[in-house]
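**Q** Dropping a structure here in structure tokens format, bear with me for questions.
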Amino acid sequence: MGPHVVMMPIFPAGHFTPFLIFAKRLASAGVTVTIVSIDVHIAEVKLREQAAEFLRFVELRDGFEHLSVELLEEWKTDAGKAKASRLLVEAVRDMSSPNAQALRGVPTVDFPVCVMHDMVTCWAQDAAEELGVEKHMLYLSPVGTLSIGLQSERLVREGRAPVTPENQDIPITDIPGLPPLQPGDLHSMYQTVESFEWAKYHEHRNRKADVIVANSFYDLEKHVIDAIRNKVMGTPGVQTIYLLDVGPLLPQSPTPTALEEKDPCILWLNTQKPASVLYVCFGSHSTHHAPQLLELASGLEASGQPFLWILRPPNSVHIDASALAAPIPPMTQYLPPGFEERIKGRGMCYSSWAPQRRILEHVSTGGFLSHCGWNSTLEGVCAGVPMLTWPFWLDQNFISRFLVDTAKLAIEVKREPIDPEQDLGEYDRIFRRVKRSEIEKQVRRLMQEEEGRIVRENMQNMKRNVERAVALGGSSRTNFEKYVQLLRAKASAAAFNGVNKLDGIA
């Protein structure tokens, strides 16, 4: 039997999907993978994932009590983290015991060589330490944000984190591998004293991971990857031995089926000219407030450019998890009067699920107005589609700055500056207004002007780079093979030394 890896992801799709993709790759390379989660999440994955049978799933439970999604909230407290760590230890010991089938419903498996955790399930490191195995982290943001996080304790000592009125205008110029940053470009959890307490815990724990596997690729972030490897790893407090970029961790580009060819978005794109359409989508969790939707609609209309807009209800309309699968209310009420009639044939507004990978790879798609989520960014890069950046929160401001100023793969849609006299809190800092004239201007720059042509050429070059990275002999492929070899070496060493972590356990 090959080496065994226990994975502890979180469930929002932006995190769980890359975990699942990486798990499948490991399984295809002969690694035994056990994904630990709560029962409702496991059931959902098994229902929608055809390749789930190649993986093992074990429920994180308290005795025979099923845990609810509220456990995600419990993880924010010290007591909740300790409870989750204890339950993970119990799950690993059960699945490795002769009674695994009776205890957990899975065949007995060798003791794991590591626990692989998400960047926000760092409490799993406590479980790994108690079990005596290595701590591996799957990092699902840009490596640039990892470099910032690895310096967070120094930034705190120097009074530069979290962001405060006293330091908010002072550039941060000494993050390894990165150009100077404005404090406002840091992760949104750095922007207030309260939210930074959450970030500080995870950033500290990230330094303790023995191996960091990154959802990025070398040519996209070479300077910061090199800087961490050569200047940060091995310094006091940083336990990491390997940083391996293996991305992008994205689903395989789907082959069209008869059903999918009936998708309204694809059918509409089929009627448009090559590279003419601006695809507008802000992800599944980010929505604008109602007045901004009016500005966005007016700006798109005034640009004269064909567009496909995945339109979500505004923030003023409450949406919870149960409502995501429910019928979406009519969106006409949030659009200018007569808008849909005036843009008929040139623009399309669609308010249901859309096949983003296929849209980006469609020959008619020529630009992508995005919230700069990392998965969406990687999808745009893989499709070679230049971007307009309109970030909201989390790591998105950093990603926008990276795409615009460093990688030269995007043009920024500028939000109105923060007025200290009028700022009412974090909500207003995130959802700063963008005027319709700014939207019109930047759409034209990307889709019609010389600057857009240069960005498009840069993105096409980066697309070729990512194709090389995942091909045989490429950087991501080589690093994945190196990681599998590392796991096998750990398993062989454990077998040679006769290590049995269950010895002495009742």
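The values are calculated or read from the model by the stated rules, or taken from the named source; none is laboratory data. Quick caveat, the model's predicted, so the values are computed rather than measured. Glycine also receives a Cβ, built like all others from the backbone with ideal geometry; neighbour counts cover every protein chain displayed. These accessible areas exclude ligands, DNA and RNA; they are computed on the full protein's heavy atoms, side chains included. Shrake-Rupley method; radii C 1.70, N 1.55, O 1.52, S 1.80 Å.
**Q** Looking at G452, G473 in this structure, which one is among the small types (G, A, S), closer than 30 Å to L294 by Cα and either under 28 Å from the mean Cα position of the chain (by Cα) or at pLDDT 95 or above (or both)?
**A** G452
**Q** Working carefully through the options E481, E440, E451, find the one that is crowded, with 16+ Cβ neighbours inside 10 Å, in a helix (DSSP H, G or I) and acidic (D, E).
**A** E440
**Q** Please go through the range 134-161 and pick out each residue that is open to solvent by less than 20 Å² (accessible area, probe 1.4 Å) and closer than 18 Å to L486 by Cβ.
**A** K135, H136, M137, L138, Y139
**Q** Does the range 127-137 contain at least one residue that is over 27 Å from P9 (Cα atoms) and either part of a loop (DSSP other than H, G, I, E, B) or within 23 Å of the chain's Cα centre (by Cα) (or both)?
**A** Looking through the range 127-137, none of the residues is over 27 Å from P9 (Cα atoms) and either part of a loop (DSSP other than H, G, I, E, B) or within 23 Å of the chain's Cα centre (by Cα) (or both).
**Q** Please enumerate the residues belonging to the range 224-267 that are open to solvent by 20 Å² or more (accessible area, probe 1.4 Å), among the hydrophobic types (A, V, I, L, M, F, W, C) and at pLDDT 95 or above.
**A** M233, I241
**Q** Are any residues in the range 409-437 part of a loop (DSSP other than H, G, I, E, B), modelled with pLDDT under 70 and among the aliphatic types (A, V, I, L, M), and if so, which ones?
**A** Within the range 409-437, I418, L424 meet the criteria.
**Q** Still on this structure, I have one more. Only residues that are open to solvent by 20 Å² or more (accessible area, probe 1.4 Å) and at pLDDT below 80: list them for the range 48-60, please.
**A** Result: R48, E49, Q50, A51, E53, F54.
**Q** Take P165 and tell me if it is in a loop (DSSP other than H, G, I, E, B), open to solvent by 40 Å² or more (accessible area, probe 1.4 Å) and modelled with pLDDT of 95 or more.
**A** no
**Q** Which of the residues that make up the range 365-379 are more than 16 Å from V143 (Cβ to Cβ), open to solvent by 10 Å² or more (accessible area, probe 1.4 Å) and of a type in the set (S, T, N, Q)?
**A** T365, S376
**Q** If we keep just the residues of the range 175-192 that are of a type in the set (A, V, I, L, M) and touching a helix residue (DSSP H, G or I) at 6+ places or on another chain (Cβ under 6 Å), which is least open to solvent (accessible area, probe 1.4 Å)?
**A** I175
Quick grid of which residues meet (1) open to solvent by 30 Å² or more (accessible area, probe 1.4 Å); (2) more than 16 Å from E221 (Cβ to Cβ); (3) under 18 Å from the mean Cα position of the chain (by Cα):
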residue: V381; (1), (2), (3): no, no, yes
residue: L388; (1), (2), (3): no, yes, no
residue: D395; (1), (2), (3): no, no, yes
residue: A407; (1), (2), (3): no, no, no
residue: V413; (1), (2), (3): no, yes, no
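**Q** Any chance the range 196-213 includes a residue that's in a helix (DSSP H, G or I), closer than 18 Å to F402 by Cβ and open to solvent by less than 40 Å² (accessible area, probe 1.4 Å)?
**A** no
**Q** Any residue at all in the range 282-297 that is at pLDDT 95 or above, closer than 18 Å to E361 by Cβ and crowded, with 21+ Cβ neighbours inside 10 Å?
**A** Among the residues of the range 282-297, not one is at pLDDT 95 or above, closer than 18 Å to E361 by Cβ and crowded, with 21+ Cβ neighbours inside 10 Å, which makes the answer no.
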